[in-house]
1. Please order Ser104, Ser331 by the number of other Cβ within 10 Å, starting at the fewest.
2. Just need log10 I(q)/I(0) for the chain at q = 0.14 Å⁻¹, Debye formula, equal scatterers on the alpha-carbon atoms, no solvent, rounded to two decimals.
3. Compute the Kirkwood hydrodynamic radius of segment 2-95, taking the inverse of the mean of 1/r over all pairs of distinct Cα atoms, and give it in Å to one decimal.
4. Quick one: order Arg185, Arg37 by neighbouring beta-carbon count within 10 Å, fewest to most.
5. List every DSSP H helix in the chain whose Cα atoms extend 24 Å or more along the helix's own long axis and whose mean Kyte-Doolittle hydropathy is at least 0.0.
6. Just add up the charged neighbours of Val215: K/R +1, D/E -1, any other residue whose Cβ is under 11 Å from the Cβ of Val215.
7. Restricting to lysines 8 or more places apart or on different chains, can you count the pairs in the chain with Cα atoms under 18 Å from each other?
8. Loop-only check: which GluC sites (Glu not before Pro) in segment 149-210 are DSSP coil with at most 16 other Cβ within 10 angstrom?
Amino acid sequence: MIEELVGRIEARFAELEASLSDPAVIGDRNAFEAASRAYSDLEEPARIAKEWRRAVGDELGAKELLADGDDPEIREMETAAKADREVLEEQIRFAMVEADPNDSRDVIVEIRPGAGGDEASLWAGDLHRMLVRYAERRGFQTEELGGGEGSATFAIKGNGAYSVFKFEGGTHRVQRVPDTESQGRIHTSTATVAVLPEADEVEVDVKQSDLQIDVYRSSGPGGQSVNTTDSAVRITHRPTGIVVSMQDEKSQLQNREKAMRVLRARLHERAMEEQQAKLAAERSAQVGTGARGEKIRTYNFPERRVKDHRVGLLLHDLDAVLDGDLDDFTSALQDEEKRQRLEEQALGQ
């Protein structure tokens, strides 16, 4: 089984190396980018496969020497080579776990205040800043799409954005003393984050006849008029009841384009949910109701710590986390996802 898997890795890696030096591929931008991404994805499995070949050779060599007579030093070499081989076999299986088909996509992030009133709105703003800072740290681009009343919608662009940010979907709970709290009591508030893989127009067939498009004047805090033209747009998708509103841009066309991007992302996610019941359960777990008891992560200000409840990881550097240092959480959650997928693949064989 492992021998066959290693062989497939080696053959595919050699094929990709040849493709990247093929003038026909080099001259085709899309083909070259696809081959480059595939090569990059396979570099680590190929390295592990090479190490596995070495460990297998060392083990077989030691066995041959032992056939001529037992030697404690050779026996130790065989034991060490066998242990290396077994570890590398597990690493190969782990590295070749089938990826989420959405992992390479850009994402649209929606943040909404949950339980906690005004403090929940402030917390939603803190999460917005945290995720934008994390995107910057990882080299992704961000684009604000809309917001208001404590909520925010923005896009994160870059290859692999969904593979990183999908783990931020869910209810984030904060425990802290609000600025308005005169008695110094700790309050618990929440905000929900939904992370949607962005869909292309060709992937989601949105019929114009299914849309109800309303335009109105944008308004700012307190109902103050932002502009005197009907530039704000609200799109209702009649078959599903999904409603998307945008008013941040002065141009009605720009607001409409942004609203359609969010609508397509929501419809794409809905289609994925209908295809796989598991994804539907994950979506429900992601957003939940925003109640205080539902959480994927808790941010405790008095103790300056953050705990991710899905993997039990506890970090004691709250300020760094809020400044976008989320790599430890992402790595732990990616590893856990791979372990779960590996178990599912084993059960399906």
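Rule-based calculations on the coordinates, nothing more; no lab input. Since the model is a prediction, treat every value here as computed from it, not as a measurement. Methodologically, a virtual Cβ is constructed for each residue, glycine included, from the backbone with ideal geometry; neighbour enumeration extends over all protein chains shown.
1. Details: Ser104 16, Ser331 13.
Ordered from fewest to most neighbouring Cβ atoms within 10 Å, Ser104, Ser331 come out as Ser331, Ser104.
2. At q = 0.14 Å⁻¹ the computed log10 ratios are -1.24.
3. Numbers: mean 1/r = 0.0663 Å⁻¹.
Computed over segment 2-95, the radius equals 15.1 Å.
4. Listing Arg185, Arg37 from fewest to most nearby Cβ atoms yields Arg185, Arg37.
5. Details: long enough: 2-20 (27 Å, 0.27); 29-67 (55 Å, -0.64); 72-95 (34 Å, -0.78); 118-137 (29 Å, -0.56); 252-275 (34 Å, -1.37); 327-348 (31 Å, -1.45).
Passing helices, by number: 2-20.
6. Numbers: positive: Arg217, Arg234, Arg256; negative: Asp214, Asp230.
The answer is +1.
7. Qualifying lysine pairs in the chain: 12.
8. Working: sites: Glu149, Glu168, Glu181, Glu198, Glu201, Glu203; in loops: Glu149, Glu181, Glu198, Glu201, Glu203.
Filter output for segment 149-210: Glu149, Glu181, Glu201, Glu203.
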